[in-house]
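Note sheet for the following structure.
The values are calculated or read from the model by the stated rules, or taken from the named source; none is laboratory data. Remember, it's a predicted structure, so these values are computed and weren't measured experimentally. Glycine gets a Cβ as well: all are built from the backbone with ideal geometry, and neighbour counts include every protein chain shown.
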Amino acid sequence: MQGAPQPTGGADLPHAVRFLRGLMLAIGGIQGIIGLAMVTNSVDIATAIWGERPDRLFEKSHENSGLVVFFGVLMLVMAAWAIATSLRFGDRHPGLLASTRAYGWALLAVVLFLGLFISALGLVFLIPAILLVVRSRKPEFQSWFDRRPH
């Protein structure tokens with residue numbers, strides 16, 4: 001179709017857009033792995049965080065495993081959001097800019113909340129979350145999604 005924007009590969013993306021695309025793909029991949037591990041090993045993770053109950057010597061504690069599963073599913077959903085958004089950067093749709101910013105803020109909120117329970121996990125995602133929020137405000141990034149020449 002003539003006049004319709006053509007999707008582009010990663011080769012002609014500006015540096016700021018390529019950087020955020022790569023960052024979101026990396027974060028999404030790591031979140032997917034961690035989310036899958038949280039869902040499949042929820043009882044062991046809950047036991048490691050909150051400890052065993054002394055009255056159950058040979059049983060693992062299941063009380064908090066549902067909370068671990070919830071956060072594991074949340075990580076999987078956020079991973080899918082990051083990957084789906086970043087793979088569409090070549091379309092230059094303005095909604096992707098809003099999605100990138102919203103993902104950055106959502107990631108920052110989840111990181112700060114999870115940092116209360118699992119400080120190492122919070123530290124892993126803190127800097128990338130801040131980079132997503134700050135770098136998505138760069139004029140070069142904004143002009144790409146406004147379809148202005150870069």
*Inspect all residues belonging to the stretch 122-137 and state whether any of them is within 24 Å of D12 (Cβ to Cβ), touching a helix residue (DSSP H, G or I) at 6+ places or on another chain (Cβ under 7 Å) and not in a helix (DSSP H, G or I).*
yes
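Name the residue that is surrounded by the fewest Cβ atoms within 10 Å (Cβ to Cβ), counting only residues in the stretch 29-44 that are polar (S, T, N, Q) and closer than 12 Å to V68 by Cβ. Quick ask: steps written out before the conclusion?
From the stretch 29-44, those polar (S, T, N, Q) are 31, 40-42; that's our starting set.
After this cut, where a residue has to be closer than 12 Å to V68 by Cβ as well, the list is 40-42.
Details: T40: 12, N41: 15, S42: 20.
Checking each candidate, the answer is T40.
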*May I ask you to verify whether G95 is under 12 Å from the mean Cα position of the chain (by Cα), of a type outside the set (K, R) and at pLDDT 85 or above?*
no
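Can you tell me which residues in the stretch 93-123 are among the aromatic types (F, W, Y) and surrounded by fewer than 17 Cβ atoms within 10 Å (Cβ to Cβ)?
Kept after step one, since they are among the aromatic types (F, W, Y), are these residues of the stretch 93-123: 103, 105, 113, 117.
Of everything in the stretch 93-123, those that are among the aromatic types (F, W, Y) and surrounded by fewer than 17 Cβ atoms within 10 Å (Cβ to Cβ) turn out to be W105, F113, F117.
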_Checking S99 against (1) within 22 Å of V73 (Cβ to Cβ); (2) out of contact with any helix residue (DSSP H, G or I) (no Cβ under 9 Å at 6 or more places or on another chain), only one condition comes out false. Which one?_
(2)
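Name the residues in the stretch 82-92 that are in a helix (DSSP H, G or I), at pLDDT 90 or above and surrounded by fewer than 19 Cβ atoms within 10 Å (Cβ to Cβ), would you?
Step one: filter the stretch 82-92 for residues in a helix (DSSP H, G or I), giving 82-87, 89-91.
Next, only the ones that are at pLDDT 90 or above stay: 82-87.
Hits for the stretch 82-92 are I83, A84, L87.
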*For the stretch 45-68, how many residues meet the condition of being exposed (fewer than 13 other Cβ atoms within 10 Å of the Cβ), closer than 21 Å to V110 by Cα and at pLDDT below 80?*
2
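Determine, yes or no, whether V73 is at pLDDT below 85, over 17 Å from A16 (Cα atoms) and part of a helix (DSSP H, G or I).
no
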*In the stretch 1-43, which residue that is of a type in the set (G, A, S) and touching a Leu at 6+ places or on another chain (Cβ under 7 Å) is modelled with the highest pLDDT?*
G32
